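Trainee: Let me begin by handing over the structure; questions about it come next.
We did not get these values from a lab; they are worked out from the coordinates using the rules stated. Treat the numbers as computed from the prediction; the structure is a model and nothing was measured. Using ideal geometry, Cβ is built from the backbone for each residue, glycine included, and neighbour counts are taken over all protein chains shown.
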Amino acid sequence: MTARVALVTGGTRGIGKAISIALKSAGRKVAANYSGNDDAAKAFTAETGIPHYKFDVSKFDECKVAVAKIVSDFGPIEILVNNAGITRDGTLHKMDLEQWQAVIDTNLGSCFNMCRAVIDGMRAKNFGRIVNIGSINGQMGQYGQVNYAAAKSGMHGFTKALAQEGAAKGVTVNAVAPGYVDTDMVRAVPPPVLEKIIARIPVGRLGHAEDIARGVVFLTADDADFITGSTLSINGGQHMY
C-alpha cells in the first residue's frame, strides 16, 4: 500500500519535531509546517529528510494554498496533526487584545483553517486521521493563561464536534493533551518553579516529546478507526478526570 501522507503543523521543533520523526518512522510520507525559524527548519530537514513548508496557520488563505502545494508534491493528505501553537501569557487585567487574538488565531483558528483545507479530500477517500494537540492547561486552566487555556479548551470541543461529522466517512478526529514536557519553553522556567511543577507530577518527571509522539502515532494508525472524539491525556498523572 502507498504510504499515507501526513502533515504536521509546527512540525520542525519541539513536540512537533518528535511527531514528524515518529510518523516517518511509522512509514508515513511527512510534510512539516513552520512559520518563523528558517534556520531551525533547514536544520530539521537536513537531519530528518522531512521537507518543510513555511506558512502561517492562522491565515486561512495561506493554509489553503500550502495544502494544495503539499497535495501536488505528495498526494492527498490523509493525516493531519494540528500542533502549531504560541503563548502570550499575562493575567487578564494586564492582557491586551493582541495577546488574546494572536493566541486564539494561532492555536484555535488554525484548527479550522487546516481542517477545512483537508476535510474534503479525506471525505472523498473515506479515510482520514486528524489529531489536535491540546494541553493540560486547556483541561484544568492555568494562572496567567486565559487566552491559551481558552484556545486549547476550544480545541477539545472542536475535536468532539468534528469527530461526529467525520465518523460516517472514515475520518477520525482525536486530541492529545500533553502535560509539562521537557521543551525549550519549559526549560526556560526558573529552576525553583520547575521543581514545584515536577513535584506535582505523580510519575516524578517532565514528559518527553517522544511520549507525545507515540500517542499521535497510535491515534493515526489505520486500525485506530474505532477511536474518535477522544482526548488522550499524556501528563504523567498530573491531571486525571
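Trainee: Just want to confirm a number: the relative contact order over the range 5-225, from Cα pairs under 8 angstrom separated by 6+ residues, in percent. Working shown, then result.
Mentor: On the way: 383 pairs, mean separation 45.3, N = 221.
Contact order relative to length: 21 percent.
Trainee: Once you've got the GNM for the chain with C-alpha springs shorter than 10 Å, pick whichever of S153, S72, S110 has the biggest mean-square fluctuation.
Mentor: S72
Trainee: In whole Hz, what ³J(HN,Hα) sequence does the range 228-241 give by Karplus (6.51, -1.76, 1.60; θ = phi - 60°), x for Gly and Pro?
Mentor: Rounded to whole hertz, the list is 8, x, 9, 10, 8, 8, 10, 9, x, x, 5, 9, 10, 7.
Trainee: Enumerate the amide H contacts of A175 below 5 Å, restricted to partners 5 or more residues apart or on another chain; note that Pro and chain-start residues carry no placed amide H.
Mentor: N132, S230, T231, L232
Trainee: In deg cm²/dmol and to the nearest 500, what is the mean residue ellipticity at 222 nm of the chain if only DSSP H runs of at least 4 residues count, each as -39500 (n - 2.57), divided by the residue total? Walk me through the intermediate numbers first.
Mentor: Working: 10 runs with 111 residues, N = 241.
For the chain, the value works out to -14000 deg cm²/dmol.
Trainee: Another question, then. Assigning unit charges at the beta carbon (Lys, Arg +1; Asp, Glu -1) and nothing else, what dipole magnitude in debye, to the nearest 20, does the chain show about its Cα centre? Don't skip to the end; give the middle numbers.
Mentor: Values: 25 positive and 22 negative charges, 53 e Å.
So the dipole magnitude of the chain works out to roughly 260 debye.
Trainee: Hey, in the GNM for the chain with a 10 angstrom Cα cutoff, which one of A209, A84, A26 fluctuates hardest?
Mentor: A26
Trainee: Using only Cα atoms, locate the centre of the range 31-76 and the centre of the range 192-241, then give the distance between them in Å, rounded to an integer.
Mentor: Each part reduced to its Cα centre gives a spacing of 26 Å.
Trainee: Then there's this: Hull surface divided by four, with the convex hull built on the Cα atoms of the range 1-97: how many nm²? Display every interim value, and only then the final one.
Mentor: Values: hull surface 29.1 nm².
Mean shadow area of the hull around the Cα atoms is 7.3 nm².
Trainee: What helices does the chain have that are whole DSSP H segments, at least 20 Å long along their own axis by Cα, and with mean Kyte-Doolittle hydropathy of -0.5 or more? Each step should come with its number before you reach the end.
Mentor: Details: long enough: 60-74 (21 Å, 0.65); 110-125 (23 Å, 0.18); 146-166 (29 Å, -0.18).
The qualifying helices are 60-74, 110-125, 146-166.
Trainee: From the convex hull of the Cα coordinates of the chain, what is the mean projected area in square nanometres? Each step should come with its number before you reach the end.
Mentor: Details: hull surface 51.9 nm².
For the chain, the mean projected area of the Cα convex hull comes to 13.0 nm².
Trainee: Here's a follow-up. Please arrange R129, R4, R13 by counting, for each residue, the other beta carbons lying within 10 Å of its beta carbon, fewest first. Before the final figure, lay out the partial values.
Mentor: On the way: R129 27, R4 23, R13 20.
Result, fewest neighbours first: R13, R4, R129.
Trainee: Report the per residue volume, in Å³, of the convex hull enclosing the C-alpha atoms of the range 79-149. Write out the running numbers ahead of the final one.
Mentor: Numbers: hull volume 5.2 nm³, N = 71.
Normalising the Cα hull of the range 79-149 by residue number yields 74 Å³.
Trainee: Under 16 Å Cα-Cα from K17, which aspartates and glutamates qualify once same-chain neighbours fewer than 8 residues away are excluded?
Mentor: Answer for K17, where 16 Å is the Cα cut-off: D38, D39, E47, D182, D184, E210, D211, listed by chain and number.
Trainee: Shifting gears a bit: Can you tell me which of V71, V176, V103 moves the most in a GNM of the chain? Springs connect C-alpha atoms under 10 Å apart.
Mentor: Fluctuation is largest for V71.
Trainee: In terms of the Cα gyration tensor, with a ≥ b ≥ c the square roots of its eigenvalues, is the range 31-174 rounded because a/c is under 1.5, prolate because a/b exceeds b/c, or oblate? Write down the numbers at each step before the final one.
Mentor: Working: a/c = 2.14, a/b = 1.28, b/c = 1.68.
It is oblate, given that a/c is not under 1.5 and a/b is not larger than b/c.
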